[in-house]
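What follows is a short report on a single structure.
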Amino acid sequence: MRDITDQKIVSVRSAAILTNSYVAGTVATQTRALNQLVVLLQFTIGSLTSMEMKVEFSNDNSTYYQETIDAPNSLSQYTSSVGERTFTATGNYSIAIPVAYNFIKISVKGTGTTTDSSCTVDAVLART
């Protein structure tokens, strides 16, 4: 059984209507040797086409690096792109990401008409 001291929960963004530009929530700060981030999203699509999320990392809380996602294009080559996740349906989502940085910024935005949309973002930092 995992000890509760092996995790930290951060409220990144309270429930709010999305905008068409990225809005960063509260920066999650690591205070212990935690190596796993789990992003918890409670998303209501309303009139939106979709919601997009990006995660950025920093060791100094000044220079941030956006999560990079690699896609194989052959047996030995990969194409790397800055990561953006797209959500097209109302739901509660859980996204696990390994982490080795001191500061984590999670941003969300809507695409389309923002009427009746909502998103809550929490971050769980844990040791695996």
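Residues in region 21-41 that are under 11 Å from residue 108 (Cβ atoms) and not small (Gly, Ala, Ser): 22, 23, 39, 41.
Scanning region 57-90 for residues being aliphatic (A, V, I, L, M) and closer than 22 Å to residue 40 by Cα gives a total of 3.
Taken together, the residues in region 6-39 that are in a strand (DSSP E or B) and aliphatic (A, V, I, L, M) amount to 11. Scanning region 103-123 for residues that are over 14 Å from residue 42 (Cα atoms) and basic (Lys, Arg) yields a total of 1.
Annotation for region 66-76: no member residue is within 11 Å of the chain's Cα centre (by Cα), exposed (fewer than 15 other Cβ atoms within 10 Å of the Cβ), modelled with pLDDT of 95 or more and over 22 Å from residue 114 (Cβ atoms).
Does residue 29 satisfy being surrounded by 12 or more Cβ atoms within 10 Å (Cβ to Cβ), more than 22 Å from residue 7 (Cβ to Cβ) and β-branched (Val, Ile, Thr)? Criteria not met by residue 29. Assess whether residue 121 counts as being surrounded by fewer than 15 Cβ atoms within 10 Å (Cβ to Cβ), in contact with a Lys or Arg (Cβ under 8 Å, 6 or more places away or on another chain) and among the hydrophobic types (A, V, I, L, M, F, W, C). Judged against the criteria, residue 121 is not a match. Look at region 14-34: where a residue is free of Cβ contacts under 8 Å to residues at least 40 places away in the same chain and more than 19 Å from residue 112 (Cβ to Cβ), no partner that is of a type in the set (S, T, N, Q) and outside any strand (DSSP E or B) sits 6+ places away or on another chain with Cβ atoms under 8 Å. Here no strands (runs of 3 or more DSSP E) wholly within region 44-104 include at least 1 residues being in contact with a Cys (Cβ under 7 Å, 6 or more places away or on another chain) and within 22 Å of residue 127 (Cα to Cα).
Can you tell me which residue is farthest from residue 29 (Cα to Cα) among those in region 100-115 that are surrounded by fewer than 18 Cβ atoms within 10 Å (Cβ to Cβ) and small (Gly, Ala, Ser)? Selected residue: 112.
The values are calculated or read from the model by the stated rules, or taken from the named source; none is laboratory data. Note that the coordinates shown come from a computational prediction; the quantities given were computed from them, not determined experimentally. With ideal geometry, Cβ positions are generated from the backbone for all residues, glycine too; neighbour counts draw on all protein chains shown.
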